[in-house]
Amino acid sequence: MKTINFTRRGFLTSAVAASGAALLERSAAAQKAAKAVGPDVATKDLIASSVEKVQWKTQPFPMTDVRLLPSEWKDMMELNRGFLYSIPNDRLAYNFRVTAGLETDATPLGGWEAPDCELRGHYVGHYLSGCALLYASTGDTDIRDKANALVVMLAETQSKNGYLGAYPEKFYDRLRTHEHVWAPFYTYHKIMAGLVDMYEHTGNQQALEMAESMADWAIAYSKPFSDEDWQKVLLVEHGGMNEVSFNLYAITGKTKYRDLGYRFEHHKIFDPLAEGKDELGGNHSNTNIPKVIGAARGYELTGDERYNKIARNFYREVTEHHAYCTGGTSNGEFWQKPDEISTQLGPAAQECCCSYNMMKLARHLFGQEPDAAHFDYYERMLFNVRAGTQDRNGMLMYYVPLQAGMYKTFGTQYDAFWCCTGTGSEEYSKLNDSIYFHDDNAVFVNLYVPSKLDWKERGLKLEQTSKFPEDEKITFKITGAPSKTTALKFRIPYWATKDVAIRVNGTPVTATMTPSSYVAVEHDWKVGDAIEVALPLTLHINYANDDKTVQAAMYGPMVLAVTLGTEDLTTGMIYASNGPSGPDGFPMPHIRSEGIWFEQAEANERYSIRFKSKGNGVQHTLVPLKDIYDERYSTYVKNYA
């Protein structure tokens, strides 16, 4: 069989027109589901599973113990909340009902959820995850009830053999005979993961039973294949089927799900990684990142050192040799040779799914070995390829273009549903999930995001407030004194190279403030204690690995992009149902200057943070990439100094 490389966007066949916005209706199904689950169910901690062989050295706090305070991050979460509420359940369930032969008078969704799109159903899994995560993040019982009602609707369409999908089982017949089909197990994974998240974060037992039945179907499907033939099946994108299978093993202790996780091991990708070889070039980026998350999860549950090597080698290869100034990765959805950066600045660079999944992987590795460098990377992604990929109405992006002169393209409300619409719906529901971690003796402050923490077992209550990054000072207040000695460990970012200071109740803390490390502050904490952390944002340059004259300006964790105006830019280019598109960009901006070639400029009504270039030639204006929504830009310049 001839191998053909397709982008996901290339599979899109048509978009179906949809009706206007809809609000949540508290249906009988929603009320029934809410009663079945109960008003306030404790979340299930899958990380601390009884079958776990490798315990995380630092644990994330449950999202129920962390709440966002007013800031741009909370605004993002609220925009996402509105988006999740706006999609009616009957439209989400449309394709599932049609596939099951059940009647529906709903209007189908468009884009990648259209009835003629082979990936239909994938967003429904993301949607369940997003709602479950939002409930954990906010305590919003209405969004929980809406998702519970959707689970009930999906349960009606699940076959007796366990299969659940928005397309018929015959898609898997095509997979079996190696005919062309668009990633059925990719979608299957999304639905299973959504059901597992509903169990983990809302306690929905029905969702767990449905996920187990789906896994049992996958076991039966995969069993007849020879190992060689199964590896051919795994050449087709299958998402994180290994991860969700391992998570079912963590929940149930049933070894058949552990074995299913191993069954989805893709040797073409895993074998070179286990040997420390970088053979990522030519491979579809986000097809493979979820597999490696599965390897990290498999290591935690089984102690399999091979999987540990795979996850860590992969992370190192991507972050050191396949990542841009933003931390993002992929160009046209694929990796190229290691360190090829300057020649891979395309209009379809940095698929948002890649960023979401690399952050998930970084979180796993940090839990296993708490290294500040993991959250340096996480923060860089958060500020540059997560913030700024959601517009002012909650619409989401597919790629973050890097070609000079390109622009951001956002989806439309009912006619996009790209893969990155799904991961975005999850991302903006869980912005509180990694701000704080803890071990037995300390709280790790990983991210400087306004929030409050309630460590119930310890009695510690902490509030973090700031206008960071507009203001370098972050304030922490003790609003509940801990019952035993507890240190606060503050991350000193890699970019914080001078004048970092920490004060407790006005008294300076004497400690070495080493970039990319944690500083432990120990004190007999009492209610009312205040800690001030000053993190002056430094100017620095990120150089393309393969061409040091191709440079990106950075201010603290933020990439500064050159603004290039709005020439020929239309609303139809900024908002599209079929993915980013448009004319060619502009030549890369040129400068000629030694050292740091940019300096602070006065803010204006549009941008609160502005810089201008120095040196000979045309003077350019630079602003944080995350703040650009509707004009052309360039993240890199060519410096001829």
Note down the relative contact order for the chain as a percent, whole number, built from C-alpha pairs under 8 angstrom at least six residues apart. 15 percent
Largest first, what is the accessible-area ranking of Thr319, Thr389 with a 1.4 Å probe? Thr319, Thr389
Going by the alpha-carbon gyration tensor, a ≥ b ≥ c the square roots of its eigenvalues, is region 117-265 rounded (a/c under 1.5) or, if a/c is not under 1.5, prolate (a/b greater than b/c) versus oblate? prolate
Volume per residue (Å³) of the convex hull spanned by the alpha carbons of region 543-641 is 129 Å³
CD proxy at 222 nm, helix term only [per DSSP H run n ≥ 4: -39500 (n - 2.57); per residue of the chain; nearest 500]: -10500 deg cm²/dmol
Starting at the first residue of region 270-276, write each ³J(HN,Hα) from the Karplus equation 6.51 cos²θ - 1.76 cosθ + 1.60 with θ = phi - 60°, in whole Hz, x for Gly and Pro. 6, 4, x, 5, 5, 8, x
How large is the accessible surface of Ile541 in square angstrom, using a 1.4 angstrom probe and rounding to the nearest 10? 30 Å²
Roll a 1.4 Å probe over the protein chains and send me the accessible area per residue for region 43-104 in Å². 42 Å²
Please report the accessible area of Arg503 (heavy atoms, 1.4 Å probe, ligands and nucleic acids excluded) in Å², nearest 10. 90 Å²
Amide proton proximity set for His590, modelled H, under 5 Å, gap of 5+: Lys638
Out of residues 5 or more away from Ile341 or on other chains, whose amide H comes under 5 Å of its own, with H placed 1.01 Å from N in the peptide plane? Asn545, Asp546
Computed ³J(HN,Hα) along region 463-480: with the Karplus parameters 6.51/-1.76/1.60, θ = phi - 60°, integer Hz and x for glycine or proline, the list is 10, 10, 10, 5, 10, 4, x, 5, 10, 7, 9, 10, 10, 10, 10, 7, 10, x
Quick query: amide H of Leu537 versus all other amide H atoms, modeled in the peptide plane; which residues come in under 5 Å with a sequence gap of 5 or more or a different chain? none
Could you tell me which of the pairs Lys74/Lys456; Lys268/Lys430; Lys452/Lys612; Lys223/Lys277; Lys467/Lys626; Lys160/Lys268 are separated by over 26 angstrom between their Cα atoms in the structure shown? Lys268/Lys430; Lys452/Lys612; Lys223/Lys277; Lys160/Lys268
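The values are calculated or read from the model by the stated rules, or taken from the named source; none is laboratory data. All values derive from a computational prediction rather than experimental measurement. Remember, those area values only see protein heavy atoms, side chains included, never the ligands or the DNA or RNA. Shrake-Rupley method; radii C 1.70, N 1.55, O 1.52, S 1.80 Å.
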